[in-house]
Amino acid sequence: MSDPLFVIWRARGADADIIAGQRTVMFRDMGSLDPSVEGELFDAATSQIREAIASGEYVAWLAHVAGEPQRIIGGSGVQLPRLFPRPDESGKQVLIGREGIVLNVYVARDYRRRGLARRL
């Protein structure tokens with residue numbers, strides 16, 4: 001997927017470190033990450049994201065500036081954990097499957113407010 005400004009592609013396991021880096025910066029930008037644990041968060045996230053992509057539990061997308069593939073400026077993902085069976089709202093059917101949880105939505109500061117997060 002692309003437009004004149006950005007190119008978006010589906011992330012692979014090899015991109016786990018990029019996603020983990022964006023996740024780390026996201027928490028830093030929110031003011032909820034002590035610098036003393038940034039390395040630990042990055043390492044743990046890289047490992048778990050790589051495993052989750054490989055198992056199909058996590059699907060992610062990354063974006064770069066058009067014409068500059070090395071300049072990755074955003075990303076987002078959906079975690080798809082298995083649900084324990086439960087009744088639907090009517091109570092007349094049993095739901096079995098996965099539930100999508102949107103997370104790791106990140107856009108580099110200089111590219112915010114341009115609609116990229118919405119597209120991701």
Legend entry - Theoretical FRET efficiency, 1/(1+(r/R0)^6), r = Cβ-Cβ of Glu68 and Arg113, R0 35 Å, to 0.05: 0.95
Legend entry - Share of carbon and sulfur in the accessible heavy-atom surface of the chain [1.4 Å probe, %]: 53
Inset, instruction - Provide the gained length on full extension for the span Arg82 to Phe42, in nm with one decimal, where the gain is 0.36 nm per separating residue minus the Cα-Cα distance. - result: 11.9 nm
Inset, instruction - Measure nothing fancy, just the Cα-based angle from helix 16-29's long axis to the longest principal axis of the chain, in degrees from 0 to 90, nearest 10. - result: 80
Legend entry - Quotient of Cα Rg and 2.2 N^0.38 Å for the stretch 23-67, N being how many residues it contains: 1.38
Legend entry - Residue-averaged [θ]222 nm for the chain, counting only DSSP H segments that reach four residues, each worth -39500 (n - 2.57): -9500 deg cm²/dmol
Legend entry - Inter-centroid distance (Cα atoms) of the stretch 88-120 relative to the stretch 29-51, Å: 21
Inset, instruction - Equivalent ellipsoid semi-axes for the chain, as square roots of 5 times the alpha carbon gyration tensor eigenvalues: give them largest first, rounded to whole Å. - result: 28, 19, 14
Inset, instruction - Can you figure out the FRET efficiency of Arg12 with Ser90, using R₀ = 41 Å and their beta-carbon distance, to the nearest 0.05? - result: 0.55
Legend entry - Of Ser90, Ser76, Ser32, the one that fluctuates the most in a GNM where the chain has Cα springs shorter than 10 Å: Ser90
Inset, instruction - Return one whole number: the accessible area per residue of the chain in Å², for a 1.4 Å probe. - result: 65
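The values are calculated or read from the model by the stated rules, or taken from the named source; none is laboratory data. All values derive from a computational prediction rather than experimental measurement. Positions of Cβ are backbone-derived with ideal geometry, glycine not excepted, and every protein chain shown enters the neighbour counts. All accessible areas refer to the heavy atoms of the entire protein, side chains included, with ligands and DNA or RNA removed. Shrake-Rupley method; radii C 1.70, N 1.55, O 1.52, S 1.80 Å.
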